[in-house]
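Below is one structure, written out as structure tokens, with a few remarks after it.
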Amino acid sequence: MAIIDELRTPLYFAAGTADLAVQQARKVPGLIEQIAAEAPSRIEAVKKTDPKAVQEKAQAKFAELVGGFDTDLKKLGEQAQDLALRGVGVAAEYAVKAREKYEELAAHGEETVKAWRGEVADEIVEIAVVVEPENENENKTASEPEADAPKPARKTTARKASAKKAVVAEGAE
């Protein structure tokens, strides 16, 4: 049973992800309208911006960044170790968050699949009633004699190779 659960979880995750993607895709037309409405004002703001002022600001930030480098190698090594340890901690934290999100999406997918199954099952029942109204009793009586008929036995033939091996084995003893 554990293997089945291990196989279902990724499928539920995929279903949950697909359902969330569809929900987000439904929001796209509204976002496009919003961007289209804001575009003219943003374009005007960019046109009014002085390129020289932007370049000077970028150069000042770069000079500040380069000037802030510490030339002490021992201190740089300690900072690198500290950053590496922080990186490991952050990676572990993100792994936990990713697992939680995975399980959350799998649970959402399970609910989505249950909803899909319910809708599909209702549709199948409706179709079955329309296609075969009250003819089930007639069909069952007609198909029952066929089910009771004995199945023909399969013919089995001995292989010549296995017969030769048996003869050779007896002769070897």
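What follows draws every value from the coordinates through simple rules; no lab data is involved. Owing to the predicted nature of the structure, the values given are computational and were not obtained by experimental measurement. So basically every Cβ, Gly included, is an ideal-geometry build from the backbone, and we count neighbours across all protein chains shown.
Could you list, in their original order, any pairs among Lys27/Lys114; Lys27/Lys52; Lys75/Lys101 whose Cα atoms are separated by more than 29 Å? Pairs exceeding 29 Å: Lys27/Lys52; Lys75/Lys101.
Each of Leu20, Leu7 was scored by other Cβ atoms within 10 Å of its Cβ. Arranged with the fewest first, they read Leu7, Leu20.
Comparing Leu7, Gln24, Gln55 along the charge dipole axis of the range 1-56, the residue lying farthest to the positive side is Gln55, per the Cβ-charge model. On full extension, the segment bounded by Arg26 and Ala39 gains 2.5 nm, given 0.36 nm per residue less the C-alpha separation.
For q values of 0.26 Å⁻¹, compute log₁₀ I(q)/I(0) with the Debye formula on a Cα-only model of the range 27-113, without solvent. For the range 27-113, the Cα-only Debye profile gives -1.18. Highest mean first, the peptides 110-118, 11-19 sorted by other C-beta atoms within 10 Å per residue fall in the order 11-19, 110-118.
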